[in-house]
Amino acid sequence: MKTFLIKFRTTSRVYQFSSSIDYKIGDRILIDTNQGIEVGTILEVKNKKSDLINQEIDKLDGKILRKMTDEDEKRIENLDNKGSEALEFCQERIKALKLSMKLLNAEYSLDEKKLTFYFSAEDRIDFRELLAELVAHYHKNIRLQQLGPRDVAKIIGGIGPCGRPLCCQTYLENMESVSLEMAKEQDLVAVGSNKISGACGKLMCCLLYEVATYQRIRKGLPKIDEKIKTDKGVGKVITQNVLKQSVLVELEDGTKIEHKVTEDKKS
C-alpha cells in the first residue's frame, strides 16, 4: 500500500490518499469523495506513512478510483463549458443581491453531484440567500468556497516582478508556505516588502527556490561578530555576502576589508 499526495484541480491544497495501485507522479486520477467524484493530480508518492511526518497535509474521506481516460478528459471539457454558464448565472445573482464578492470559477464534480463556486472577498460574506437560489436553480450539492490571495493569483494569473507569467499559474503544483525567515536567509528583508511580495500580496513563492543553497553556503561562512584571521590581520566579522562567499571584516585598527572565504578555508 502506497500513500499519494494529491492536488485537486482549482485550489493549492494537498491531500493524501492510499492505494495498492502503482500510480506515478503527474498521473491524473479520479477520487471518490463524500461530495462527488473529483479529479486530482499525483504530486508525490510515499512508500511509508512515516515519510509524511512534519508535512502539513490535509486528509479527506475518499478513495482513489482509477487513472483518468480519454473519455474522462472529454467529459471534463464539457463540464468546464457548463461551469462557464454557471459562472455567468451566479455572477448575475451576486450583482442582484449586491454582495461584495468576486466570483472566480465554477467547477462541477465529474459525476455532476456537486457544483463548486470559488470566490474572493475582503470581508466575511453572508451568502445564505445566494446559496438558496443556487440550490433551487441547479438542484445539486452547491458549495461556495472562499479562496485566499495565493489561490486567487493562481486562477487569475498575471506577470511577476521577473517579467514572466506567475509560477503558480504556469507550473507550480504544490504551493508551499513561505516565511519571512526565508527572505532573511537571502538578505532580502532590507529591500522592502514591496520587492519580495508577489502579485497576490504575499511573500513570493520563488523565495523557496534558492533558500537551501543560501543556507548551505552560509554554514561555511564565519558568523557575525566572530573574530577571524585575514591577510591584513585579525578582525571581527560585520556582515556576510553569501553570493560572493565573502565577509566584511573590521580590523583592530578600525579598517574594514572584504575577506573572501575559499573552499579550503571553509573546510
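Listed values, structure above:
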{"item": "Residue 103 free of Cβ contacts under 8 Å to residues at least 40 places away in the same chain, on the phi < 0 side of the Ramachandran plot and in contact with a strand residue (DSSP E or B) (Cβ under 6 Å, 6 or more places away or on another chain)", "result": "yes"}
{"item": "Close pairs (7 angstrom Cβ cut-off, 6 or more residues apart or separate chains): under 18 Å from residue 121 (Cα atoms) in the stretch 139-150, polar (S, T, N, Q) and outside any loop (DSSP other than H, G, I, E, B) anywhere", "result": "143/116; 145/116; 146/120; 147/120"}
{"item": "Selection within the stretch 45-68 - at pLDDT below 90, surrounded by 12 or more Cβ atoms within 10 Å (Cβ to Cβ) and either in contact with a helix residue (DSSP H, G or I) (Cβ under 9 Å, 6 or more places away or on another chain) or outside any strand (DSSP E or B) (or both)", "result": "46, 49, 51, 52, 55, 57, 60"}
{"item": "Residue within the stretch 157-178 that is of a type in the set (Phe, Trp, Tyr) and within 14 Å of the chain's Cα centre (by Cα) present", "result": "yes"}
{"item": "Yes/no for residue 110 being assigned to a loop (DSSP other than H, G, I, E, B) and either modelled with pLDDT of 95 or more or buried (at least 17 other Cβ atoms within 10 Å of the Cβ) (or both)", "result": "yes"}
{"item": "Qualifying positions in the stretch 151-168 - crowded, with 19+ Cβ neighbours inside 10 Å, touching a helix residue (DSSP H, G or I) at 6+ places or on another chain (Cβ under 8 Å) and either within 19 Å of residue 98 (Cβ to Cβ) or in contact (Cβ under 8 Å) with a residue 40 or more places away in the chain (or both)", "result": "153, 154, 168"}
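Yes or no, residue by residue, for (1) among the small types (Gly, Ala, Ser); (2) over 18 Å from residue 181 (Cβ atoms); (3) outside any loop (DSSP other than H, G, I, E, B):
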| residue | (1), (2), (3) |
| --- | --- |
| 207 | no, no, yes |
| 212 | yes, no, yes |
| 216 | no, no, yes |
| 228 | no, yes, yes |
| 234 | no, yes, yes |
| 244 | no, yes, no |
| 248 | no, yes, yes |
| 253 | no, yes, no |
| 259 | no, yes, yes |
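The values are calculated or read from the model by the stated rules, or taken from the named source; none is laboratory data. Bear in mind that the values here come from a model prediction, so they are computed numbers and not experimental data. Reconstructed Cβ throughout: ideal geometry from the backbone, glycine too, with neighbour counts over all protein chains shown.
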